[in-house]
Amino acid sequence: MKYLKVIAFTHKQVELKELGKLVVCQDSLLPKLRQVKDQFNIPEIFYLATCNRVAFIMATEQVVDKAFACKFIEAMEMGLCSHHTNLFVEAASIYEDQEALNHLLRTSCSLESLVVGEKEILAQVRKAYESAREAGLTGDHLRMVMGCAVKAAKEVYTHTNISKNPISVVSLAYRKLRDLKLCTNARVIIIGAGETNRNISKYLQKHKFSNFAVFNRTLSKAQELAADLNGEAYDLEALKTYNKGFDVIITCTSATQPVITPEIYAQLLNGCTEKKTIVDLAIPNDTDPEILEKFAVNFIEVHSLNEIAQKNIQERYQELVHAEKIINQNINEFLPQLKQRRIELAMRQVPEKIKEIRNTAINSVFAEEVQGMDEQSREILEKVMNYMEKKYISVPMVMAKEILINQ
């Protein structure tokens with residue numbers, strides 16, 4: 001496990017509002033990851049950003065410490081001054097080897113989440129990894145690590161009650177929204193058509209809300225969600241001219257700058273002076289802070305859900321203990337598998353080398369003797385050589401695995 005490293009920034013060390021400064025815009029993410037991959041000679045890497053964490057998971061022989069993390073964050077060009085970069089690096093958690101695997105498994109199993117037991121985190125980890133894999137940023141090592149993480153998470157969700165009566169950031173946000181006792185014909189603007197907004201829209205549908213307008217940077221995705229909600233779809237630019245009014249805005253995008261500016265909010269109000277509601281689950285927030293100063297708003301954000309989340313952790317303590325046992329069991333099973341895979345990769349050239357020796361023997365060293373044989377003798381020699389070749393290939397593989405198991 002000496003290759004696995006994780007640099008993590010989470011809600012435990014960094015204020016959620018500050019964490020947003022580490023979020024990388026999706027449009028520039030892959031080019032930036034390629035840049036640091038080449039610059040620091042990192043064989044495999046992917047980036048994870050959720051509502052309460054930013055993490056870089058990598059497979060590398062590099063020494064990953066605070067000094068490395070500082071250079072790495074600077075190379076990611078996040079627009080941070082040196083002062084903020086140093087503050088973030090000091091707050092970073094750096095894991096390597098088995099601790100890194102344990103952290104990634106705990107993250108995938110939702111043990112490190114703001115709301116313990118929310119299943120959304122596994123989908124987010126998988127999506128982040130798949131995006132990097134498709135871009136050619138990961139390889140065999142992280143493939144195996146992710147296989148272990150997914151297996152452990154599925155077992156935790158199946159064999160514990162950690163996600164029973166599931167509580168998530170989305171469900172907590174909906175509870176707060178429900179407490180406002182809105183009418184089911186309330187006009188709901190949804191900004192962003194990602195997984196978080198899809199999940200909260202399911203709650204709204206379940207409780208008979210029916211008046212939706214969906215805005216998204218990619219119109220086709222807005223149309224998909226709008227079709228599910230029997231609502232209207234618009235691209236993000238249409239926010240600037242939308243004049244049909246609203247009662248609730250639900251927003252969660254990957255934007256690094258506010259999507260809802262005071263000017264856009266005033267346009268959306270269309271002259272209405274009543275108090276409105278904004279549910280902002282984005283990190284960083286999609287809502288410009290100036291809106292909360294200028295307008296009367298019921299504002300629900302991830303940061304405000306902390307108190308309920310802490311209570312949730314206390315209620316699920318026994319399930320946490322059970323989940324950690326499952327994680328440890330998966331780690332203990334995985335480590336020998338990883339070593340075995342390394343042996344397989346290291347010995348991939350054995351068959352080729354043996355074939356080379358065989359060809360050299362027949363065509364060079366013993367060429368004259370072979371040529372002097374009759375056809376039947378050559379056939380017998382060929383059978384003997386084929387038999388020995390197969391055995392010579394399998395014997396070192398089996399011996400290496402036996403040594404591994406015995407150790």
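Take the residues in the stretch 74-119 that are touching a residue at least 24 places away in the same chain (Cβ under 8 Å) and β-branched (V, I, T); name whichever of them is farthest from C148 (Cα to Cα).
Among residues in the stretch 74-119 that are touching a residue at least 24 places away in the same chain (Cβ under 8 Å) and β-branched (V, I, T), the one farthest from C148 (Cα to Cα) is V115.
Just for the stretch 344-371: of the residues that are in a helix (DSSP H, G or I) and among the charged types (D, E, K, R), which one is modelled with the lowest pLDDT?
It comes out as E344.
Suppose we keep only residues that are touching a helix residue (DSSP H, G or I) at 6+ places or on another chain (Cβ under 7 Å) and in a helix (DSSP H, G or I) within the stretch 110-125. Which one would you say is modelled with the lowest pLDDT?
Result: E120.
Would it be correct to say that T287 is surrounded by 15 or more Cβ atoms within 10 Å (Cβ to Cβ), at pLDDT below 90 and under 25 Å from the mean Cα position of the chain (by Cα)?
no
Among the listed residues A266, A233, A282, A238, identify the single one that is surrounded by 12 or more Cβ atoms within 10 Å (Cβ to Cβ) and within 23 Å of L16 (Cα to Cα).
Every option except A282 fails the conditions.
Need a quick list: helices (runs of 4 or more DSSP H) entirely within the stretch 178-288 having at least 1 residues that are assigned by TED's automatic domain parsing to the domain that holds A55 and of a type outside the set (D, E, K, R).
none
State which residue is modelled with the highest pLDDT when the search covers only the stretch 51-94 and only residues that are hydroxyl-bearing (S, T, Y) and over 18 Å from the mean Cα position of the chain (by Cα).
T60
Under 9 Å by Cβ, and 6 or more places apart or on different chains, what pairs join a residue from the stretch 20-37 that is assigned by TED's automatic domain parsing to the domain that holds L48 and within 12 Å of A49 (Cβ to Cβ) with one that is small (G, A, S) and surrounded by fewer than 14 Cβ atoms within 10 Å (Cβ to Cβ)?
The qualifying pairs are K21/G79.
With respect to V169, determine if the residue is closer than 27 Å to L29 by Cα, within 18 Å of the chain's Cα centre (by Cα) and at pLDDT below 85.
The answer is yes for V169.
For a quick check of your reading of the model, give me the residue pairs whose first member lies in the stretch 318-330 and is farther than 13 Å from S108 by Cα, whose second is outside any helix (DSSP H, G or I), with beta-carbon atoms closer than 6 Å and at least 6 apart or on different chains.
Close Cβ pairs satisfying both conditions: E319/T160; E319/N161; E319/I162; H322/T160.
Out of I121, I162, I need the residue that is surrounded by 16 or more Cβ atoms within 10 Å (Cβ to Cβ), in contact with a Gly (Cβ under 7 Å, 6 or more places away or on another chain) and of a type outside the set (K, R). Which one?
I162
Can you list residue pairs whose Cβ atoms sit under 9 Å apart, with the first residue in the stretch 358-374 being within 17 Å of Y392 (Cβ to Cβ) and the second being of a type in the set (V, I, T) and surrounded by 13 or more Cβ atoms within 10 Å (Cβ to Cβ)? Count only pairs 6 or more apart in sequence or on different chains.
What qualifies is A361/V370; I362/V370.
Just name the residue that is nearest to R198 (Cα to Cα) out of those in the stretch 126-152 that are outside any helix (DSSP H, G or I) and among the aliphatic types (A, V, I, L, M).
Only one residue tops the list, namely A135.
The values are calculated or read from the model by the stated rules, or taken from the named source; none is laboratory data. Fair warning: this is a prediction, and the values are worked out from it, not measured in the lab. Cβ: placed from backbone, ideal geometry, glycine included. Neighbour counts: every protein chain shown.
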